[in-house]
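Taking it in order: structure first as structure tokens, then the write-up.
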Amino acid sequence: MNFRLIKTLFVGAALIANARLHAAEVTVFAAASLTDSLKQIAAAYEKQSDDKIVFNFAASSTLARQIEAGGPADIFFSADEAQMNRLEKKGLIDPATRKSRLGNSLVVVVPSDSTLQIKSASDLTNAGIQQIALADPKAVPAGVYAKGWLTRQQLWPAIEPKVVPTENVRAALAAVASGNVELGVVYKTDAAISKNVKVAYEVPRADSPDISYPMALVKDSKQPAAAGKFLSYLSAEEAGQIFTRFGFLLRE
Amino acid sequence: MSLLLKNISLPLADFTLEVDVEMHRHVTAVFGPSGAGKTSLLDLIAGLRTARSAFIQLDDHTLTDTVKKTSVPTHRRGIGYVPQDLALFPHLSVRRNLLYGCKPGGVNDPSFSFDHVAEVLEIQPLISRGVTELSGGEKQRVALARALLAAPRLLLLDEPLANLDAPLKAKIIPYLARVRDEFQVPMLCVTHDRFEALALADEIVVLVDGKVRQTGPVSEVFTRPASAEVARLVAVETLQPGTIMSVNDGLATVSVNRITLTALAPATASREVFVCIRGEDVVLQRDPATPSSVRNRLPARVVSLHPEGALVRVELDAGFPLFALVTRAACAELALREGEAITALLKAPSIHLVPR
Amino acid sequence: MTAEEWQIVWFTAWVSALSTVIILPFGLALAWVLARRDWPGKSIVETFVTLPLVMPPVATGLILLKLFGRRGALGGFLHDQLHLDVIFTWRAVLLALSVMSMPLLVRAARVAFEEVNPRLEQIARTLGAGGRRVFFTVTLPLAARGVIGGMLLAFARALGEFGATIMVAGNIPGKTSTLSLAIFENVQLGDDPRAFRLLGVSVVLAFAAVWCSEFFLRRKKAT
């Protein structure tokens with residue numbers, strides 16, 4: 001065995017290990033509706049940084065609960081202000097880093113082979129529509145927004161009995177895609193993702209509650225420097241373009 | 001009745017059951033050592049098993065025909081079955097057990113009425129009891145009654161006396177005899193006890209290792225076994241009708257053709273009996289005067305001698321035909337010749353009395 | 001405990017009881033056939049019967065979702081011909097509970113049937129009883145203890161069912177919300193006191209059901 005070869009291999013391995021030691025792993029707890037856009041943004045980021053981005057996508061209410069219980073998040077990216085407020089009140093996020101950059105809009109989706117026509121919110125009260133999928137309107141932002149919209153239209157009491165509450169907005173989307181419900185209310189950005197649904201009605205900006213996606217650094221983060229870097233990247237031009245491509249609105 | 005068992009072929013663990021017989025008598029015994037396939041044969045007749053090939057016909061009804069692929073299901077065969085373990089339903093009372101096979105409308109034939117059966121088998125006091133409270137003999141009678149109350153066309157009994165001790169056996173035999181006489185139901189009894197077969201049956205089928213070795217009236221098979229194998233199983237060389245004259249102190253005085261014998265008293269009260277003496281139990285002696293423990297010393301005359309391998313079958317006239325089996329050496333030593341006078345010694349326990 | 005919580009308890013109890021009743025005829029038939037008959041491929045049937053016991057409940061739930069969804073083989077027929085929806089209704093809860101608890105009934109009942117002396121069944125047939133009569137008057141009464149024990153076990157399993165239920169029925173308040181789903185939801189929402197109240201009821205119910213079941217399934221002393 002070549003002694004020199006062994007030495008070279010050893011040194012090489014040490015260098016790689018060293019590099020890994022300096023590279024950080026940033027854990028992002030993000031709303032389910034951000035799944036596809038954030039994954040693309042992270043891929044772009046990892047090309048220009050040694051850091052690795054790890055995601056936990058779920059309903060924002062679930063994520064907030066997990067952070068409260070000590071979940072190992074470095075960044076929290078919520079789909080509504082309420083969940084962020086919940087954590088800020090408990091002193092779990094760094095308010096200085098809090099930023100609300102993204103917006104979204106609500107749409108009514110139906111299975112792609114559906115013949116249902118929705119011209120206005122009140123069409124949802126039709127007898128032919130028996131089940132409406134919403135992310136759980138008790139806590140999940142997408143559902144809360146939808147409930148807000150329908151309450152303002154004074155249609156919520158008529159619609160509530162038809163509601164099938166789901167874990168998160170992507171589950172609502174899946175329920176519509178499977179054909180097991182007649183329609184669902186999801187974000188416009190979600191509707192674009194699935195081929196098995198089509199948009200039947202876009203909720204006008206004026207009728208919809210204000211949708212805002214705040215993001216912030218989690219106080220107990222183990223990687224505050226690396227997390228801060230990624231947070232800045234999320235506010236930058238490149239990320240903004242990707243978000244827009246997916247259909248998000250930029251609020252700045 | 002006629003029961004045809006033709007072309008039966010049923011592979012079992014150690015051998016294949018192959019039977020081809022016709023039974024016409026009222027009570028038939030299927031006789032053979034344990035494991036000869038007797039229970040499997042009963043199961044086939046009852047429709048509880050299927051054979052590779054079989055043709056079973058009872059009177060005019062074809063029950064099984066593997067060639068035509070027909071088989072009457074068990075519950076429509078009308079064949080009663082009393083298995084060896086009796087199989088009384090433990091979760092039902094004696095009454096419910098008895099009534100299980102009764103047709104809802106009652107039976108057409110009054111001889112199978114509940115009261116008649118209960119009376120013949122003397123089970124009235126047992127009716128309200130639970131099955132687990134019964135003694136062995138009581139269970140036997142209840143199982144028998146249950147099968148009868150279904151008004152069967154044929155009654156199958158698997159070793160009906162096997163699980164009983166001697167006094168109990170003697171008690172049950174009369175009930176079986178009563179069933180035979182009172183109900184006119186043909187019976188097929190499986191047994192490995194030759195005296196049981198003798199007591200109950202008109203006809204016997206000898207089954208060894210799944211093959212039928214001999215069939216025929218009981219007394220004929222017993223006295224004229226067709227082969228050494230059958231002889232080993234059933235042979236009772238001397239089989240004569242007799243009458244019990246008196247019973248004293250556990251001993252019975254039996255008269256056979258006016259010759260008096262002392263035998264062990266049987267448990268039954270029957271006076272008419274078969275006197276059964278196995279050839280190997282007969283001792284021949286020249287000098288009648290020598291004292292011994294033997295109760296019966298019969299002066300006899302040698303009628304004929306038949307060598308059978310290492311033994312000689314000696315036919316004697318002791319006032320009735322008596323057969324002895326002795327070794328050739330003994331025969332030579334005693335210088336037995338036809339026409340000679342000799343004494344036959346019979347121990348009392350060697351004389352079996354079987355009620356007729 | 002609020003009225004809404006009692007409604008959840010009551011719903012869970014009656015739909016679990018109904019599922020136990022529904023699986024009884026199929027479960028007993030299956031158990032009897034497995035106990036008394038043999039055929040090539042029997043082990044495959046035995047495996048399928050045991051599958052819901054060992055597969056992840058959500059996986060079973062997914063299979064049911066595909067089958068009974070409006071586009072599924074069975075669900076499509078029900079929706080188009082009978083205008084009946086299963087997914088996201090109480091019927092889905094019934095379905096999930098039935099599928100998940102049936103293996104327990106089948107296993108316990110099979111053992112109970114195997115312990116009935118086949119000779120008794122045969123003699124009953126010689127006495128003129130056809131298959132059905134033999135089953136109901138001899139086999140079932142003698143197997144009753146084991147069967148009841150199996151039913152109670154199935155009931156207890158149904159009470160606690162979660163994974164398959166949440167897949168096919170969702171957690172619709174007032175319509176498909178069972179004890180276990182409600183406990184999960186309340187933990188998610190952060191309403192611990194309510195979650196613990198429901199947990200308490202859940203434990204009491206399960207304990208009672210299993211305890212009774214053990215009583216019936218305990219081997220009889222040799223008679």
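Could you list the trypsin sites (Lys or Arg not before Pro) in the range C:25-95 that lie in coil according to DSSP, counting only those with at most 11 other Cβ atoms within 10 Å of their Cβ?
C:37
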- Contour minus end-to-end for residue B:62 and residue B:341, with contour as 0.36 nm per residue of separation and end-to-end as the Cα-Cα distance? 94.6 nm
- Query: Listing B:221, A:203 from the residue with the fewest other Cβ atoms within 10 Å to the one with the most, what is the order?
  - Reply: A:203, B:221
- Just in the range A:197-235: which trypsin sites (Lys or Arg not before Pro) are loop by DSSP and have at most 11 other Cβ atoms within 10 Å? none
- Note on the structure: GluC sites (Glu not before Pro) in the range B:236-290 lying in a DSSP loop, each with at most 15 other Cβ atoms within 10 Å of its Cβ, come to none
- Message: Quick check: the distance between the Cα centres of the range B:8-50 and the range A:116-193, to the nearest angstrom?
- Response: 76 Å
- For chain A, state the average projected area of the convex hull of the C-alpha atoms over all orientations, rounded to one decimal in nm². 17.0 nm²
- Note on the structure: If R0 = 30 Å, then residue B:253 and residue B:184, at their Cβ-Cβ distance, give a FRET efficiency to the nearest 0.05 of 0.25
- Item | Computed label-point distance, nm, for sites residue B:193 and residue A:130 using a 7 Å Cα→Cβ extension | 7.4 nm
- Message: Need one number: the % of Cα-Cα pairs in the range A:63-114 sitting beyond the 15 Å mark.
- Response: 54 percent
- Message: Less than 13 Å Cβ to Cβ from residue A:60, Lys/Arg counted +1 and Asp/Glu -1: what total charge do the surrounding residues give?
- Response: -1
- Message: Which residues does the label zone of residue A:195 cover in the range A:216-252, counting backbone N under 20 Å from a point 7 Å along Cα→Cβ?
- Response: A:246-247
- Just name one of B:46, B:63, B:114: the one whose Cα is farthest towards the positive end of the charge dipole of chain B (beta-carbon charges, Lys/Arg +1, Asp/Glu -1). B:114
- Item | Net charge of Cβ neighbours under 13 Å - reference residue A:92; Lys, Arg +1; Asp, Glu -1 | +1
- Message: Given Cβ point charges of +1 (Lys, Arg) and -1 (Asp, Glu) and nothing else, what value in debye, to the nearest 20, does the dipole of chain C about its Cα centre take?
- Response: 980 debye
- Message: I'd like to know which of B:219, B:260, B:331 lies farthest towards the positive end of the charge dipole of the range B:214-356, counting +1 on Cβ of Lys and Arg and -1 on Cβ of Asp and Glu.
- Response: B:260
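Kirkwood Rh over Cα pairs of the range B:1-65 into Stokes-Einstein at 10 °C, 1.306 mPa s: D in µm²/s?
131 µm²/s
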- Task: Go through C:182-195, A:64-77, A:158-171 and give me the packing order, highest mean Cβ count within 10 Å leading.
- Result: A:158-171, A:64-77, C:182-195
- Item | Leading residue at positive end of dipole, the range C:1-139 (Cβ point charges), from C:81, C:127, C:50 | C:127
- Message: Using a Förster radius of 35 Å, what is the FRET efficiency between residue C:6 and residue C:80 based on their Cβ-Cβ separation? Nearest 0.05, please.
- Response: 0.40
- Note on the structure: Rounded to the nearest 0.05, FRET efficiency between residue B:168 and residue B:115 (Cβ-Cβ, R0 22 Å) equals 0.30
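Report, in order of residue number, the helices in chain C meeting two criteria: a C-alpha extent of 27 Å or more along the helix axis, and a mean Kyte-Doolittle hydropathy of at least -0.5; treat each whole DSSP H run as one helix.
Span-like helices in chain C: C:3-36, C:90-114, C:140-160, C:192-217.
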- At 37 °C and 0.692 mPa s, what whole-number value in µm²/s does Stokes-Einstein give for the translational diffusion of chain B, with Rh from the Kirkwood sum over Cα pairs? 148 µm²/s
- Over what distance in Å are the Cα centres of the range B:288-356 and the range B:126-190 separated? 39 Å
- Task: Helix by helix through chain B, keep the DSSP H runs that span 20 Å or more along the axis on Cα and average at least 0.0 on Kyte-Doolittle, and give those back in order.
- Result: B:166-183
- Task: Using the Kirkwood radius over Cα pairs, work out the Stokes-Einstein diffusion coefficient for chain C at 10 °C and 1.306 mPa s, in µm²/s as a whole number.
- Result: 84 µm²/s
- Nearest-20 debye value, the range A:1-103 charge dipole, Cβ charges on Lys, Arg, Asp, Glu: 260 debye
- Item | Length released on extending from residue B:329 to residue B:96, taking residue separation times 0.36 nm less the Cα-Cα span | 77.4 nm
- Query: Dipole magnitude of the protein assembly as shown about its Cα centre, charges +1 at Lys/Arg Cβ and -1 at Asp/Glu Cβ only, in debye to the nearest 20?
  - Reply: 800 debye
- Task: Can you pull the one-decimal nm distance between simple spin-label points at residue A:238 and residue C:17, each 7 Å off the Cα toward Cβ?
- Result: 6.4 nm
- Proximal lysine pairs, chain B, alpha carbons under 14 Å, eight or more residues apart or interchain: 5
- Each label sits 7 Å from Cα toward the beta-carbon; between residue A:50 and residue C:45 the label points are separated, in nm, by 6.5 nm
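Readers should treat all values here as calculations from the given coordinates under stated rules, not as data from a laboratory. Not measured: the values here are computed from a predicted model. In this analysis, Cβ positions are derived from the backbone assuming ideal geometry, glycine residues included, and neighbour counts consider all displayed protein chains.
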